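The structure appears right after this line, and notes come after that.
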Amino acid sequence: MTTELPLADGPPPRERADAARNRAKVLAAAERLFATGDPTAVTMDDIAKAAGIGRGTLYRRYPDRASIARALLDEHERALQERLLRGAPPLGPGAAAEQAPPTPAERLAAFYAATVELLETHSHLVLGAETGAARYRTGAYAFWRLHVTHLAREAGRPDPEVLADQLLAPLAPELFRHQRDAGLTPERIADSLAALAHGALDRA
C-alpha cells in the first residue's frame, strides 16, 4: 500500500513566541490531567486552570477537549503510520529478497499488536480524543480503515470496506479500557486479535 493519509491538517502556522508558550502550557497541562484521572471527565476549564491561561486564550486555539487530546496523540499515530507504510515486516510491507512477503493476515495481526501497544501506552490520550462517534472522524481512523481495507482486498475477501470497519471495531478505546479493567493483559488481547486476523483473512 502506498497511499498516505495525513493525520493532521499539516504543519502548524508560524506562531508568535507568546502563542507558542501558551500552546506548550496547554499541551503539558492536558497531558497531566488526562494521565492522572478519567480523561473523559476533564473539562476545558480544568485545562485552562492547570495551564494558567484564560479560557478565551484556550478556545482560540482549541475548540474542545478532544482537539487537545488529538494534538497530543497525533505524534504517536504518525509514527505507527510510518511503520505501516515503510517499516519492516510483518507490520510493514517489505521483506528480504530470500523471504516471502507477509500475508494479509500476518500484517493485520502485526497491526493489531502495534495498536494494542499504542492503546496501552497512550490510552489516556485516545480516550480523550477518539471515543464514540469522534473516533470515526479522525484522520487516524481513516488511515487505519484504508490499511485494513487494502489487506482484506488483498486476501480476496468480499466487501472489504465493510469488513474493515468490523475488523477495527475491537480496537475501540472504550473496549480496550474495559478489557484492561477486567484484568486482561495486553498480551492476551493481542493474541486474541491475532487469532481474529488469521480467521478473517487467511485463505481457505
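Here, each number is a calculation from the coordinates, and none is a lab measurement. In this text, all values refer to a predicted model and were calculated from it rather than measured experimentally. Quick reminder, even Gly has a Cβ in these numbers, built from the backbone with ideal geometry, and neighbours come from all protein chains shown.
Quick notes on this one:
- Computed log₁₀ I(q)/I(0) - Debye formula, equal Cα scatterers, no solvent, the stretch 136-204, q 0.22, 0.24, 0.25, 0.28 Å⁻¹: -0.99, -1.09, -1.12, -1.22
- Using 0.36 nm per residue and subtracting the Cα-Cα separation, the extra length available between R16 and R61 on full extension is 14.9 nm.
- A protection proxy built from the mean count of other Cβ atoms within 10 Å ranks the segments 27-38, 139-150, most packed first, as 139-150, 27-38.
- About its Cα centre, the dipole of the chain is roughly 780 debye, where the only charges are +1 on Lys and Arg Cβ and -1 on Asp and Glu Cβ.
- Whether the stretch 80-169 is rounded, prolate or oblate, judged on the alpha carbon gyration tensor where a/c under 1.5 counts as rounded: oblate
- Summed side-chain charge close to A110 - residues other than A110 whose Cβ falls under 12 Å, Lys, Arg +1, Asp, Glu -1: 0
- Rg and Dmax of the chain, both derived from C-alpha coordinates alone, stand at 18.7, 60 Å.
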